[in-house]
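**Q** What follows is a structure written as structure tokens; I'll ask about it next.
The values are calculated or read from the model by the stated rules, or taken from the named source; none is laboratory data. It should be emphasised that the depicted structure is a prediction, and the values quoted were computed from it without experimental measurement. FYI the Cβ positions are ideal-geometry reconstructions off the backbone, even for glycines, and counts take in every protein chain you see. Surface areas here come from the heavy atoms of the whole protein model, side chains and all, with no ligands, DNA or RNA. Shrake-Rupley method; radii C 1.70, N 1.55, O 1.52, S 1.80 Å.
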Amino acid sequence: MAIELVSRRERKKLAQRHSIREETIALIGRYGIEGTTIDAICDCADIAKKTFYNYYGSKQDLLLDICQTMLLQRADTLIDEAMSHSPELGRQLDHIFAVMNQRQQEAGKLERELFDYMVSSLSSNLEAGAGQLTFMNRCFQRLYDAAEAQLRPGLTPQFCAEMTVGMINAVTLNWLHDNHYDTAQKYRMLRDHIKYSMLR
């Protein structure tokens, strides 16, 4: 009986956290990140401010949670897709960069704002930025670990992951600040560079 009560409580907490995230995403879509306040989030989620702080220490914590859920988790899922797509690392990279380009081409105002927030937090909040980089590096290291035999001699999966993530972040940053940036061309060039310099 006690286990059932804990599990119900946990389900309620998860549902409340989900509601806060969803209401915040809707508000950002209408008013942007700057125009979205904790008061407005509490109004839309129908909770007291105290309840908000039971789940998130600050608006920044909430935004980072949303970025983690909407953007970073997608990267992890994409790596899984690529690895099930083909055992060949070259084909896996084809798939990853094609999907990344498509997502950025189709990104709306909300996604651009979240990408911008996530990238800017890399420099403004070192702890959060380090967490995001570590997460992305682990995603790509998983890819390179599984295909280590296909890497050039002397290269480690960790090095390849770090270089790949760094270059992806550079493309993303340029895309955020230049509406005419040709992500399709840049991702093709990046894919070809990685294949030429890192793969056997």
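**Q** Helix 183-198: angle to the longest alpha-carbon principal axis of the chain, degrees 0 to 90, nearest 10?
**A** Compared with the principal axis, the helix lies near 50 degrees.
**Q** Moving on to the next point. With contacts defined as alpha carbon pairs under 8 Å and 6 or more residues apart, what's the relative contact order of the stretch 1-148 in percent?
**A** Taking the mean separation of contacting Cα pairs over the length of the stretch 1-148, I get 23 percent.
**Q** Ignoring any ligand, DNA or RNA, what whole percent of the accessible area of the chain comes from carbon and sulfur when the probe is 1.4 angstrom?
**A** About 52 percent, which is the carbon plus sulfur part of the accessible surface.
**Q** Place +1 on the Cβ of every Lys and Arg and -1 on the Cβ of every Asp and Glu in the stretch 1-140, take the dipole about the Cα centre, and give the residue among Ser121, Cys44, Phe135 whose Cα lies farthest towards its positive end.
**A** Cys44
**Q** For the stretch 69-173, max minus min Cα coordinate along each principal axis, in Å, sorted largest first?
**A** 39, 29, 21
**Q** Give the accessible surface of the chain per residue, rounded to a whole number of Å², with probe radius 1.4 Å and ligands, DNA and RNA excluded. Write out the running numbers ahead of the final one.
**A** Details: 11240 Å² over 200 residues.
Ligands and nucleic acids excluded, the figure is 56 Å² per residue.
**Q** How tilted is helix 157-177 with respect to the longest principal axis of the chain? Cα atoms for both, answer in degrees (0 to 90, nearest 10).
**A** Here the helix axis deviates by roughly 60 degrees.
**Q** When 1/r is averaged over all different Cα pairs and the result inverted, which Kirkwood radius in Å belongs to the stretch 19-118?
**A** Roughly 15.1 Å, rounded to one decimal.
**Q** I would also like to ask the following. Once you sort the root eigenvalues of the Cα gyration tensor of the stretch 12-75 as a ≥ b ≥ c, which label holds: rounded (a/c under 1.5), prolate (a/b larger than b/c) or oblate (the other case)? Mind dumping the intermediate values first?
**A** Values: a/c = 1.66, a/b = 1.18, b/c = 1.41.
Because a/c hits 1.5 or more and a/b fails to exceed b/c, the stretch 12-75 counts as oblate.
**Q** Please list the radius of gyration and Dmax for the stretch 116-200, considering alpha-carbon atoms only, with Å as the unit.
**A** Radius of gyration, then largest Cα-Cα span, for the stretch 116-200: 14.0, 39 Å.
**Q** State the three equivalent ellipsoid semi-axes of the chain, derived from the C-alpha gyration tensor as the square roots of 5 times its eigenvalues, in descending order and whole Å.
**A** 35, 21, 14
**Q** Dipole size in debye (nearest 20) for the stretch 10-156 around its Cα centre, Lys and Arg Cβ +1, Asp and Glu Cβ -1?
**A** Here the stretch 10-156 has a charge dipole of around 240 debye.
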